[in-house]
Amino acid sequence: MTEKIDIRHMRVLLHLVREKNVSRVAERLEISQQAVSNYLKRMREVFPNELFLRQSAGLQPTDYAYDLAAKFEKIVEEVDSIFNSFPFDPATSEYVFRVIANEYAQLSIIPSLSLLMRKRAPGVKLEVIDFNPDQHAKTLAQGEADLVIGFSDYVDPGIRNTLRRDCYCCVARQGSPLHQQIRTLGDVSSHPHVDFASGVGNLGSRVDDFLSAREVSRTVIATLPCYTSLQAFMHVNDTVAFVPSAIAAAGRFQVIDIDMSSLDFNVVVGWHRRASGNASRDWLTQVMKELPASH
């Protein structure tokens, strides 16, 4: 029966003994309440004695649960020490960081991150993996990547931490007369637009909802698959587009003075819980926090 219990069950029981409340444990471990209940159900099936008594104020651990928690705590500390025992010296390390990143992050975060990393740790390298909404959590869990950076809408909620907030803005190419012709949001209806295919790399549906709520129409002459091709398209087409402000800065587009700060979103960074306390991962996330926002 022991193969049915793993380190995750042990962590859940330890937190339940301390918190005595399923919802607080779910919040602390950044998993759903249903997941906590499932772990508890499995442990009740495996262990011969009762673990918790239900009370109006929450869960009351039994003496057996306290004894079990004492044993689990030693095991968890040993497992965590595996990750904590390896020092990380930026000055001498030749570690290869593998970061999963969506297009937004690849354009607006990764270049500055690489530059700062080289200044702090000249021997480290950066390998970037395209973001996949169905695979990123598994890739992190298997230790095949250190971090994921992307939009909160698509990153697994159990692993994400807010890195920055950004908002959309209206842009044209540098030197375009459109920034003088467009004074209000309603003015964009008189000019051709470039749109982007909705998906994990773009939150275009939010733009549609934003404009629709303000009864602003637009004439879309092209829908591009990604932000990367926008600069080349605008080089020969005098159009406007709605992009995140960090993308506008990275592409050196002309930002048209329209207040769109309410059309904001979260950019998040995530890692698997097994990497908590890992010295190299902690160093990388700290470097990322020092990167300036682009808007």
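The values are calculated or read from the model by the stated rules, or taken from the named source; none is laboratory data. Source: prediction; values computed, not measured. Virtual Cβ from ideal backbone geometry, glycine too; neighbours counted across all protein chains shown. Note: areas computed on protein heavy atoms with side chains; ligands, DNA, RNA excluded. Shrake-Rupley method; radii C 1.70, N 1.55, O 1.52, S 1.80 Å.
Structure values in brief
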{"quantity": "Those residues of the range 146-169 which are farther than 24 Å from Val124 by Cα and in contact with a His (Cβ under 8 Å, 6 or more places away or on another chain), in sequence order", "calculated": "Val155, Asp156, Ile159, Asp166, Cys167, Cys169"}
{"quantity": "Any hit, the range 26-44, residues being at negative phi, exposed (fewer than 12 other Cβ atoms within 10 Å of the Cβ) and of a type in the set (A, V, I, L, M, F, W, C)", "calculated": "no"}
{"quantity": "The range 171-180: number of residues that are touching a helix residue (DSSP H, G or I) at 6+ places or on another chain (Cβ under 7 Å) and open to solvent by 50 Å² or more (accessible area, probe 1.4 Å)", "calculated": "1"}
{"quantity": "Members of the range 31-71 found to be touching a His at 6+ places or on another chain (Cβ under 6 Å) and farther than 30 Å from Gly270 by Cβ, listed by number", "calculated": "none"}
{"quantity": "The range 157-179: number of residues that are within 8 Å of the chain's Cα centre (by Cα) and of a type in the set (D, E, K, R)", "calculated": "1"}
{"quantity": "Only listed residue being out of contact with any Asp or Glu (no Cβ under 7 Å at 6 or more places or on another chain), without any contact (Cβ under 8 Å) to a residue 24 or more places away in the chain, part of a helix (DSSP H, G or I) and open to solvent by less than 50 Å² (accessible area, probe 1.4 Å), chosen from His9, His15", "calculated": "His15"}
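For (1) within 28 Å of Asp156 (Cβ to Cβ); (2) modelled with pLDDT of 90 or more; (3) small (Gly, Ala, Ser), each residue gets a yes or a no:
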{"position": "Glu19", "(1), (2), (3)": "yes, no, no"}
{"position": "Val22", "(1), (2), (3)": "yes, yes, no"}
{"position": "Arg28", "(1), (2), (3)": "yes, no, no"}
{"position": "Asn38", "(1), (2), (3)": "yes, yes, no"}
{"position": "Lys41", "(1), (2), (3)": "yes, yes, no"}
{"position": "Asn49", "(1), (2), (3)": "no, yes, no"}
{"position": "Leu53", "(1), (2), (3)": "no, yes, no"}
{"position": "Ser56", "(1), (2), (3)": "no, no, yes"}
{"position": "Gln60", "(1), (2), (3)": "no, yes, no"}
